1. Could you tell me which helices of the chain pass both thresholds, a Cα extent of 30 Å or more along their own axis and a mean Kyte-Doolittle hydropathy of at least 0.0, with helices taken as whole DSSP H runs?
2. Which value results for Rg/Rh of the chain when Rg is the Cα radius of gyration and Rh the Kirkwood radius based on the inverse mean 1/r?
3. Could you go through the range 171-176 in sequence order and give the Karplus-derived ³J(HN,Hα) for each residue, using 6.51 cos²θ - 1.76 cosθ + 1.60 with θ = phi - 60°, rounded to whole Hz, and x for Gly and Pro?
4. If the reach is capped at under 22 angstrom between alpha carbons, list the lysines near K198, excluding any in the same chain fewer than eight residues apart.
5. Using a Gaussian network model of the chain whose springs link C-alpha atoms within less than 10 Å, name the residue from L186, L90, L175 with the highest mean-square fluctuation.
6. In the Gaussian network model of the chain, springs joining C-alpha atoms below 10 Å, which of F23, F97, F87 carries the largest mean-square fluctuation?
7. May I ask you to list the trypsin sites (Lys or Arg not before Pro) in the range 144-204 that are in a DSSP loop and have at most 14 other Cβ atoms within 10 Å of their Cβ?
8. For the chain, what is the mean residue ellipticity at 222 nm derived from helices alone (per DSSP H run of n ≥ 4: -39500 (n - 2.57); sum divided by total residues; nearest 500 deg cm²/dmol)?
Amino acid sequence: MGRFSIYGGMVMDPILLDIPEQFETERLLLRAPQNGDGAMVNEAIRESFEFLHEWMKWADHIPETEETEANARKHRANFLLRDTFTFYILDKLSGEFKGTCSLVRADWQVRRFEIGYWIRQSAARQGFMSEAVDGVTQFAFKNLQANRIEIRCDTRNSASCRVAERCGYHLEAILINNFIDPAGDLRDDCLYAKVRLKNGSFGYPTLTSK
């Protein structure tokens, strides 16, 4: 069944859209998960568990390889269903798995998406995540015709905030008491946004661009 577009008329069911499963940036290959990816992802999680657990609610335990493989297959299935778009970040030269950068919470009527990401500890602070987020942002505007992309992160997570800011996202709001962190505490979110402007470019409205 088609869906109603904010521009009027019906739009194609997202599952029928032809969407690339991979793309490259300067240093990285970003691709959809594949069967057999669980081992390399599990290695990164084990290396970085303490580093990730402070911020990632899903990282509540160190998973077995089979659990990570099952998650990789679910991520692939969701990609094909056009529910979420998880990209595994790989070094173009070495093939090393660096982390993930995903488009989630898709609203196909508005064409609004949210970017979520994590990086293994050994790859942090080298600009890889900013490169990946910028690439996924461009991918969403080009291939998904996104009108709005959001990034949300704990107000205390300065590294994640810097990624959003480096990629040209605008701090639109602080959402008070918006989520529970891995320690069980009520926390605040930074809400960053980037939108399609009326002139066709991507950024955030100013007095002259509205």
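1. In the chain, no H run is both long and hydrophobic enough.
2. On the way: Rg = 17.3 Å, Rh = 18.0 Å.
Looking at the chain, the ratio lands at 0.96.
3. 6, 8, 6, 10, 8, 7
4. K142, K210
5. Greatest mean-square fluctuation among the candidates belongs to L186.
6. F23
7. Values: sites: R148, R152, R156, R162, R166, R187, K194, R196, K198; in loops: R156, K198.
Answer in residue order: R156, K198.
8. Numbers: 4 runs with 58 residues, N = 210.
Computed ellipticity for the chain at 222 nm equals -9000 deg cm²/dmol.
Every read-out reported here was derived from the displayed coordinates using simple, explicitly stated rules and does not represent laboratory data. Worth saying up front: this structure is predicted, and the values here are computed from it rather than measured. So basically every Cβ, Gly included, is an ideal-geometry build from the backbone, and we count neighbours across all protein chains shown.
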